[in-house]
1. Any chance you could count the Lys pairs in the stretch 14-84 whose alpha carbons are under 22 Å apart, treating pairs 8 or more apart or on different chains as valid?
2. Send over the per residue convex hull volume for the stretch 1-101, Cα only, as a whole number of Å³.
3. Rank 13, 154, 135 by accessible area, highest first, at a 1.4 Å probe radius?
4. Just reorder 181, 35 by solvent-accessible area, largest first, 1.4 Å probe, all chains present.
5. If amide H atoms are built 1.01 Å from N in the plane of the peptide, which residues on other chains or at least 5 residues away come under 5 Å of the amide H of residue 79?
6. With every protein chain left in place, what is the accessible area of residue 18 in Å² (1.4 Å probe, nearest 10)?
7. Enumerate the calculated ³J(HN,Hα) couplings along the stretch 48-65 in order (Karplus 6.51 cos²θ - 1.76 cosθ + 1.60, θ = phi - 60°), each rounded to whole Hz, writing x wherever the residue is Gly or Pro.
8. Solvent-accessible area per residue for the chain at a 1.4 Å probe radius, Å²?
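The values are calculated or read from the model by the stated rules, or taken from the named source; none is laboratory data. None of the values given here were measured: they were computed from a predicted structure. For neighbour counting, all protein chains shown are included, and Cβ atoms are generated from backbone atoms with ideal geometry for every residue, glycine included. Calculation scope for accessible area: heavy atoms of the full protein, side chains included, ligands and nucleic acids excluded. Shrake-Rupley method; radii C 1.70, N 1.55, O 1.52, S 1.80 Å.
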Amino acid sequence: MHFIFPSQFYSLISPPNKEDILSALKSAKVDKEKTKSLLWNKNLINVKVEVLYPDDLFKFLIPSLQLYFKEFGVNEVPVRLVEIWKNTYTKGGYQEVHDHLGPSGIVDIAGCIFLDDYHPEYAKFFFHNRHSCEISPAWRRLFDRNKTSFNNYIPTYKKGDIMFFPANMLHGVYPHKSGKTRQTVSFNIGMN
């Protein structure tokens, strides 16, 4: 568990079934009807968003979810995969700051599966501290001097890693600088 802001955290898990997940995502079927009807992605530039079928992929997330809940000292929490989609970034592609609380239903946990290793030129996933505007100029100068992030935090990851975080946390993706594509799979989970 990495606490990056006072009440905000994320978990980065190397799944015990990493190869199975990567294989399943490589051959995952796209729900073309839901992809066409997406509204939130209409303003994305150089990012291809494809909706995947939750029922086909949920079983692959279960071992990592079990590890995630163990970090809380809980053995089992009933959950459901609400939605899952693949993001493909080409040069210049980015995602504005957002959260995953939305019209799709009740979402408690957001997540991301990284399909590429971290690379300095690849679009960087970041968390944004919604309370950063409350920090006084004196504190900002102090934080700047010791290189403490008060605004955005960029986690590092490896191919196949899964990140879980509360769905209300603000996050985004910096512009992709590479000529090679970068892919992630994002998802929303509801706790029953």
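1. Lysine pairs meeting both conditions in the stretch 14-84 amount to 19.
2. For the stretch 1-101, the hull spanned by Cα atoms encloses 147 Å³ per residue.
3. Heavy-atom accessible area, descending, gives 154, 135, 13.
4. So, going from the largest accessible area down, we get 181, 35.
5. Those lying under 5 Å, H to H, from residue 79 are 192.
6. 40 Å²
7. 9, 10, 10, 6, 9, 8, x, 4, 6, 10, 4, 4, 6, 8, 4, x, 6, 5
8. In whole numbers, the chain has 55 Å² accessible per residue.
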